[in-house]
């Protein structure tokens, strides 16, 4: 999963191109390429849009507005949407679409698509859950500060301390939004309340607050200050002044905001459903869920269509698993094989620090192997480095999904594959290899790094994130790794199938929960009966689907589209089909809505036919 932070809205000065309406040739600059003009327009708009989010600047390695945290209020969202409407209208007036190159038309259409999606989502912005155990800002904002805010000079530390107060303000804003949603009958289930409370308490336990040890941000702040001191960039007196300022920011700003968050969640938990329900039970629930599916899949597929696709894929993958079961000589049923894979000690590292390091090193070894094979399948290769790390203790959850955090476009910060390792029984060895390829190469790290490194596209495209494309590619990459020589152990091949099965089950469960009224336990029971995943991981997954409607359907839908496009290109081109060319076409345009990805591949097919 790639975390995308909300934008901070600031005043902007719009630059009007003053060109004729769409469809007319511009009189002032007849010799200037319309696509060049559009790209110049995008360059200016990108900087304006980037000014909305100090946090996104930091994630890109830009030290501008380095002491600020995004404005996360509804008012800020309204201002940004108003800006997007205004500049899009300006683009439509200024640019002659018919004179654009195919790539220029693609950029134009992606920009307008993003506005259309924002408009469709606007009526439902109080239907999504603000704080949850899964992607809540209560953990995400501190994680941002600890992992992305680099301290290389004294003023960087001063900005860090200012951002402690900014995190507090953002939490206050989001609490207002959660309270507004609750007044409209929108609350996450009780398990989400419990997760938010536990994570929030973990952030204000330990020095300089009450409790043993150091609280996470205090520990990080002290480490950063000590680093400046050891580097000779500050003296002892300045170090003490910075420590004192950080301590006061935590005590005077951070703690009161988290205290208020915890107090409201503890008071309101009595109103939350103990038996989790899908969003179909919320006000406007059915319409909200359909909008969520469309946003996640970038298609118009209905819940029923997605549910049926899931059932078909579960049956197909089960048949492939039967083949592996026979190959390893297991004599029982597939369900009995699931139990064996779920419980036999040979499939798990010890639940110790040594076992956890063993897991991380094995992932690094698999990635080192696959990196040697990449040049045979790709012309475009990522320049950015990749690290494999354990999730920080304050946000680690047993059985939670591994995830990827992108590096910076200039390579100054590596991409990171994070693993939740608090419970090694939820991290079977046979799924280790496939997850490494999904999060690393040729999956998320490769796709996102290549996108950020593209030089010939408008910057907004290199930073776009369409879930069906991004997650669809990573799931496709799991399968591609088999072609590249991975999964030599049949149990690892079973792990690959388990991972694909997991994504097929998501189609069944997400739609079952939100469109068909399935209970949490019914979803858990289906998952257990149909997969070898550990029960702890299964329950965490189901709870993820409950609080994040639609998102989990994007993986399989996106993968199916990429596979279909590859098959289409193979049949159309015959001997002219080139796997490197296909992959470079898919990756070379950045993340795209699926219908625009198809248009891009169709263009490549046509160009190869004419070659």
Can we say residue 239 is surrounded by 13 or more Cβ atoms within 10 Å (Cβ to Cβ) and in a helix (DSSP H, G or I)? yes
What is the one condition in (1) at pLDDT 95 or above; (2) surrounded by fewer than 18 Cβ atoms within 10 Å (Cβ to Cβ); (3) over 30 Å from residue 151 (Cβ atoms) that residue 248 does not satisfy? (3)
I'd like the full set of residues that are surrounded by fewer than 22 Cβ atoms within 10 Å (Cβ to Cβ) and either closer than 23 Å to residue 470 by Cβ or under 20 Å from the mean Cα position of the chain (by Cα) (or both), limited to the stretch 410-431. 410, 411, 412, 413, 414, 416, 420
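Could you tell me whether residue 104 is part of a helix (DSSP H, G or I) and buried (at least 21 other Cβ atoms within 10 Å of the Cβ)?
On the way: part of a helix (DSSP H, G or I): yes; buried (at least 21 other Cβ atoms within 10 Å of the Cβ): yes.
Here the answer is yes, as residue 104 does meet what is asked.
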Where the second residue is modelled with pLDDT under 95 and outside any helix (DSSP H, G or I) and the first is farther than 30 Å from residue 153 by Cβ and assigned by TED's automatic domain parsing to the domain that holds residue 161 and lies in the stretch 66-95, which pairs have Cβ atoms under 7 Å and are six or more apart or on separate chains? none
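Rundown of residues vs (1) closer than 21 Å to residue 385 by Cα; (2) without any contact (Cβ under 8 Å) to a residue 60 or more places away in the chain, yes/no style:
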residue: 441; (1), (2): yes, no
residue: 461; (1), (2): no, no
residue: 470; (1), (2): yes, no
residue: 488; (1), (2): no, yes
Does residue 564 meet the test of being surrounded by fewer than 19 Cβ atoms within 10 Å (Cβ to Cβ) and either under 22 Å from residue 305 (Cβ atoms) or without any contact (Cβ under 8 Å) to a residue 12 or more places away in the chain (or both)? yes
For residue 263, which of the numbered conditions (1) modelled with pLDDT of 95 or more; (2) in the same structural domain as residue 551 (by TED's automatic domain parsing) fails to hold? (2)
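Looking at the stretch 511-522, is at least one residue under 29 Å from residue 389 (Cβ atoms) and either surrounded by fewer than 23 Cβ atoms within 10 Å (Cβ to Cβ) or in contact with a helix residue (DSSP H, G or I) (Cβ under 8 Å, 6 or more places away or on another chain) (or both)?
The answer is no; no qualifying residue exists.
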Enumeration of residues in the stretch 176-193 that are within 14 Å of residue 261 (Cα to Cα) and either under 23 Å from the mean Cα position of the chain (by Cα) or buried (at least 21 other Cβ atoms within 10 Å of the Cβ) (or both): 177, 178, 192, 193
Kindly check whether there is at least one residue in the stretch 469-480 that is modelled with pLDDT of 95 or more, more than 18 Å from the chain's Cα centre (by Cα) and surrounded by fewer than 24 Cβ atoms within 10 Å (Cβ to Cβ). yes
Criterion first (buried (at least 19 other Cβ atoms within 10 Å of the Cβ), touching a helix residue (DSSP H, G or I) at 6+ places or on another chain (Cβ under 9 Å) and in contact (Cβ under 8 Å) with a residue 12 or more places away in the chain) does residue 110 satisfy it? yes
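Tally time: how many residues in the stretch 42-57 are touching a residue at least 24 places away in the same chain (Cβ under 8 Å), part of a helix (DSSP H, G or I) and under 21 Å from residue 79 (Cβ atoms)? Can you show your working first?
Applying the first criterion (touching a residue at least 24 places away in the same chain (Cβ under 8 Å)) to the stretch 42-57 yields 42-46, 48-49, 51-56.
Those still in the list that are part of a helix (DSSP H, G or I) too: 42-46, 48-49, 54-56.
Within this subset, residues satisfying the condition of being under 21 Å from residue 79 (Cβ atoms) are 42, 44-46, 48-49, 54-56.
Here the count works out to 9.
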Quick check: anything in the stretch 577-594 touching a residue at least 60 places away in the same chain (Cβ under 8 Å), out of contact with any strand residue (DSSP E or B) (no Cβ under 9 Å at 6 or more places or on another chain) and closer than 30 Å to residue 397 by Cα? yes
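For the stretch 213-220, indicate whether the set of residues that are crowded, with 21+ Cβ neighbours inside 10 Å and in contact with a strand residue (DSSP E or B) (Cβ under 9 Å, 6 or more places away or on another chain) is non-empty. Give the steps one after another, and end with the answer.
Keep residues of the stretch 213-220 that are crowded, with 21+ Cβ neighbours inside 10 Å, which gives 215-218.
Then keep just the ones that are in contact with a strand residue (DSSP E or B) (Cβ under 9 Å, 6 or more places away or on another chain); that gives 215, 218.
Yes; the residues of the stretch 213-220 include at least one that is crowded, with 21+ Cβ neighbours inside 10 Å and in contact with a strand residue (DSSP E or B) (Cβ under 9 Å, 6 or more places away or on another chain).
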Criterion: over 18 Å from residue 130 (Cα atoms) and part of a loop (DSSP other than H, G, I, E, B) - qualifying residue of 329, 355: 329
Residue list for the stretch 194-236, restricted to those being more than 33 Å from the chain's Cα centre (by Cα) and not in a loop (DSSP other than H, G, I, E, B): 229, 230, 236
Just the residues that are within 22 Å of the chain's Cα centre (by Cα), over 21 Å from residue 290 (Cβ atoms) and not in a helix (DSSP H, G or I), please, taken from the stretch 548-598. 588, 589, 590, 591, 592
Considering 384, 398, 303, which residue is crowded, with 20+ Cβ neighbours inside 10 Å, touching a helix residue (DSSP H, G or I) at 6+ places or on another chain (Cβ under 9 Å) and closer than 28 Å to residue 526 by Cβ? 303
Based on what the data block shows, is residue 151 crowded, with 16+ Cβ neighbours inside 10 Å and more than 26 Å from residue 268 (Cβ to Cβ)? yes
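Of all residues in the stretch 122-138, which are assigned to a helix (DSSP H, G or I) and surrounded by fewer than 18 Cβ atoms within 10 Å (Cβ to Cβ)? Break it down into steps so the answer makes sense when it comes.
Going through the stretch 122-138, the residues assigned to a helix (DSSP H, G or I) turn out to be 122-124, 137-138.
Selection gives 122, 123.
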Any chance the stretch 400-408 includes a residue that's closer than 21 Å to residue 480 by Cα, assigned by TED's automatic domain parsing to the domain that holds residue 438, free of Cβ contacts under 8 Å to residues at least 40 places away in the same chain and in a helix (DSSP H, G or I)? no
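Conditions tested, residue by residue: (1) under 29 Å from residue 144 (Cβ atoms); (2) at pLDDT below 95; (3) loosely packed, with under 15 Cβ neighbours inside 10 Å.
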| position | (1), (2), (3) |
| --- | --- |
| 38 | no, no, no |
| 41 | no, no, no |
| 45 | yes, no, no |
| 51 | yes, no, no |
| 65 | yes, no, no |
| 68 | yes, no, no |
| 73 | yes, no, no |
| 76 | yes, no, no |
| 82 | yes, no, yes |
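The values are calculated or read from the model by the stated rules, or taken from the named source; none is laboratory data. All values derive from a computational prediction rather than experimental measurement. Here Cβ is always computed from backbone atoms with ideal geometry, including for glycine, and neighbour counts include all displayed protein chains.
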